[in-house]
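First up is the structure itself, then whatever we jot down about it.
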Amino acid sequence: MSTTADARSTAVAGAAEAVASAHRRMVQSLGRVIVGQEEVLDLLLMAIFCKGHCILEGVPGLAKTLMISSLARLLSISFNRIQFTPDLMPSDITGTEILQEDRASGQRELRFVKGPVFAHLVLADEINRTPPKTQAALLQAMQEQQVTVAGRSYDLPRPFFVLGTQNPIESEGTYPLPEAQLDRFMFKITVDYPSLADEVRIATSTTSRQSVSLEPVLTAEHILKIQDVVRDVLVAEPVATYAVRLSRATRPTDATCPADARRWLSWGAGPRACQALLLGGKARALLDGRPNVSFADVRAVAKPVLRHRVVANFTAESEGVSADTIIERILDAVPEAD
């Protein structure tokens, strides 16, 4: 190994220890506000450190908004929430130009007023309740980290992270996101009901006078540095190959796709899935204080990476087979090494 490679490996190892320490403090602090949901928090942090975006799916009342606003306070970054509704317009998200008059000179000029998308962390609440035209207003922001209004582009704050939420039990009056837009979200995170013990803690803590203040653990500058370090985390060729083989096995036309999965799938994941599997594995290794990605890291992020990138057919729907079930079959069928 060259001297440069040695130095990079040492730097990543040191950064991994610092990230793991910050992660432990964040979990401990957030645990005073949010009961359970440690896995959800970990996935959100992984996405932020990878410059990714997430879709959060869960029934109302599971503290999704509280978790995100609390996370923004721990990261010391700005936070805006946008409630998506059928009458929401693109300009309600990106901002608009207004005609302003200078009282002294009497001259008029157009001035751009920034919309709520100009924040480090943007919560797009019930993103599937607004028409496609408004949903598409987020596309440029997510991909390019800027918005264009009246032919002029405006840079968004960095880091920039979009979290879209969806309610899985109400489909009337919704506009499901097209696959091309879903693919731009790194993770689709499922928020499940809490356990009995956790729900007892929630019920007692939220009906008392308990008040918790959160102290910042990281800053925007720290996050940007961690985003750079993620790219330097080591990935052995067999691990990278495994991630690619997992992604390819979701495609029903590929020879490696298991028979059951082929019967249930219309379409599989594209190249962005491979990238998300490796980047997610790198971020997970950092949170654990390790400078290299393992097979276990890739497997751990497989469901949130793939569940919104595979398209189940009518056979799967009629048999009650979920995307997670299909992914489990693929994980069982694809060996870690040839």
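The values are calculated or read from the model by the stated rules, or taken from the named source; none is laboratory data. From a predicted model like this one, the values you see are computed outputs, not experimental measurements. Because the Cβ atoms are built from the backbone with ideal geometry, glycine has one as well, and the counts that use them run over all protein chains shown.
Would you confirm whether or not region 274-288 contains a residue that is surrounded by fewer than 18 Cβ atoms within 10 Å (Cβ to Cβ), part of a helix (DSSP H, G or I), free of Cβ contacts under 8 Å to residues at least 24 places away in the same chain and within 22 Å of the chain's Cα centre (by Cα)?
yes
Every residue, every condition in (1) surrounded by 15 or more Cβ atoms within 10 Å (Cβ to Cβ); (2) free of Cβ contacts under 8 Å to residues at least 12 places away in the same chain; (3) within 19 Å of the chain's Cα centre (by Cα), yes or no:
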site: Val229; (1), (2), (3): yes, no, yes
site: Val235; (1), (2), (3): yes, no, no
site: Ser247; (1), (2), (3): yes, no, yes
site: Asp260; (1), (2), (3): yes, no, no
site: Thr315; (1), (2), (3): no, no, no
site: Val321; (1), (2), (3): yes, no, no
site: Ala333; (1), (2), (3): yes, no, no
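Starting from region 14-36, take each residue that is loosely packed, with under 15 Cβ neighbours inside 10 Å and list its partners that are at pLDDT 80 or above and of a type outside the set (D, E, K, R), counting only C-beta distances under 7 angstrom and pairs at least six apart or across chains.
From residues that are loosely packed, with under 15 Cβ neighbours inside 10 Å, the pairs are Glu17/Gly289; Arg25/Val217.
Looking at (1) among the charged types (D, E, K, R); (2) out of contact with any Ser or Thr (no Cβ under 7 Å at 6 or more places or on another chain); (3) modelled with pLDDT of 90 or more, which is the only condition Arg245 fails?
So Arg245 meets the others, but not (2).
Exactly one condition in (1) of a type in the set (A, V, I, L, M); (2) surrounded by fewer than 18 Cβ atoms within 10 Å (Cβ to Cβ); (3) in a loop (DSSP other than H, G, I, E, B) is false for Ala269; which is it?
For Ala269, the exception is condition (2).
I need the full set of residues from region 150-178 which are outside any loop (DSSP other than H, G, I, E, B) and over 24 Å from Pro304 (Cβ atoms), in order please.
Arg152, Ser153, Tyr154, Asp155
Of the conditions (1) touching a residue at least 40 places away in the same chain (Cβ under 8 Å); (2) in a loop (DSSP other than H, G, I, E, B), Ile223 fails just one. Which one is it?
(2) is the only condition that Ile223 fails.
For region 211-220, give me the residue count where each residue is surrounded by 14 or more Cβ atoms within 10 Å (Cβ to Cβ) and either within 21 Å of the chain's Cα centre (by Cα) or free of Cβ contacts under 8 Å to residues at least 12 places away in the same chain (or both).
The initial filter retains those residues of region 211-220 that are surrounded by 14 or more Cβ atoms within 10 Å (Cβ to Cβ), namely 214, 216-218, 220.
Checking which are either within 21 Å of the chain's Cα centre (by Cα) or free of Cβ contacts under 8 Å to residues at least 12 places away in the same chain (or both) leaves us with 216-218, 220.
Adding up the residues that qualify gives 4.
For region 155-182, how many residues meet the condition of being at pLDDT below 85 and not polar (S, T, N, Q)?
Residues that pass the stated criteria total 12.
Please work out if Ser21 is over 30 Å from Arg307 (Cβ atoms) and at pLDDT 80 or above.
On the way: over 30 Å from Arg307 (Cβ atoms): yes; at pLDDT 80 or above: yes.
Criteria met by Ser21.
Among Leu156, Leu138, Leu214, which is touching a strand residue (DSSP E or B) at 6+ places or on another chain (Cβ under 9 Å) and over 26 Å from Lys303 (Cα atoms)?
Result of the check over Leu156, Leu138, Leu214: Leu156.
With respect to Arg201, is the statement that it is touching a Ser or Thr at 6+ places or on another chain (Cβ under 7 Å) and in a helix (DSSP H, G or I) true?
no
Which of the residues that make up region 61-72 are of a type outside the set (A, V, I, L, M) and within 13 Å of Ala119 (Cα to Cα)?
The one that is of a type outside the set (A, V, I, L, M) and within 13 Å of Ala119 (Cα to Cα): Ser69.
Considering each residue of region 48-78, count those that are surrounded by 20 or more Cβ atoms within 10 Å (Cβ to Cβ), of a type outside the set (A, V, I, L, M) and closer than 15 Å to Thr190 by Cβ, and give that number.
3
Restricted to region 249-258, and to residues that are in contact (Cβ under 8 Å) with a residue 40 or more places away in the chain and farther than 21 Å from Phe187 by Cβ, which residue is surrounded by the most Cβ atoms within 10 Å (Cβ to Cβ)?
The selected residue is Cys257.
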